[in-house]
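Worksheet: the structure to be examined is printed underneath.
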Amino acid sequence: MSAPTPRTIYKRHDRAREEVQRLLTAVFAAELLQPSDEIWLVSPWIRDVVVLDNRGGDFTALQPAWAQREIRLLDCLAAMLECGTAVRIKTSDDPASRALLDVLARRARDVGESELLQTRTSKLLHTKGLLTSRCLIRGSMNFTFRGVELNEEAVTYDVDPAALADMRIAFADEW
């Protein structure tokens with residue numbers, strides 16, 4: 001059987017922007033339903049972007065404590081830590097990205113899962129990707145409002161086990 005073909009979204013217009021948001025929603029909802037042992041988030045700039053729109057209550061079953069509101073990246077990462085997922089984040093030394101890591105570290109301590117959170121910074125980081133046990137999102141997109149919502153980007157979604165293994169080795173080697 002041949003490997004699944006990666007899907008690339010070229011985000012240059014509104015429909016493609018919506019596709020990227022739907023992709024992030026699907027990946028994070030899947031992770032909350034069946035958590036990976038570990039996830040890797042690598043991006044020079046990271047912000048607390050919206051990843052699930054729960055204003056209609058569509059995702060309340062995933063986390064009953066969530067109100068009907070937009071669910072942000074930190075909410076999902078904290079929920080994943082609570083599920084026992086090791087979260088590894090590599091970003092630049094950008095002050096806003098560092099502040100996000102500090103908030104996530106506090107949330108990890110609050111739920112008694114600080115050992116599951118590992119973070120690193122690099123002044124030279126340019127790689128971007130989100131890797132779970134089932135999928136890989138990579139491309140030019142930073143995990144920021146501009147990256148997800150505004151900028152023209154190329155984002156590739158891949159589920160090929162060989163591609164996932166290669167990226168896991170690459171991310172771990174940089175660690």
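The values are calculated or read from the model by the stated rules, or taken from the named source; none is laboratory data. None of the values given here were measured: they were computed from a predicted structure. A quick note on method: Cβ atoms are made from the backbone with ideal geometry, for glycine too, and the neighbour counts reach across all protein chains shown.
Applying the condition of being among the acidic types (D, E) and modelled with pLDDT under 95 to the range 146-159 and asking which residue is farthest from L24 (Cα to Cα) yields E152.
Take A105 and decide whether it is surrounded by fewer than 18 Cβ atoms within 10 Å (Cβ to Cβ), touching a helix residue (DSSP H, G or I) at 6+ places or on another chain (Cβ under 9 Å) and either modelled with pLDDT of 95 or more or not in a helix (DSSP H, G or I) (or both). In short, yes. Of V155, V159, all but one fail to be on the phi < 0 side of the Ramachandran plot and surrounded by 20 or more Cβ atoms within 10 Å (Cβ to Cβ); the exception is V155. Taking the range 1-39 as the range and being basic (K, R), touching a strand residue (DSSP E or B) at 6+ places or on another chain (Cβ under 9 Å) and modelled with pLDDT of 85 or more as the test, only R7 passes.
In the set (1) touching a Ser or Thr at 6+ places or on another chain (Cβ under 8 Å); (2) in a helix (DSSP H, G or I), the condition left unmet by A78 is number (1). Within the range 38-56, one or more residues are assigned to a loop (DSSP other than H, G, I, E, B), closer than 19 Å to D158 by Cβ and touching a residue at least 40 places away in the same chain (Cβ under 8 Å).
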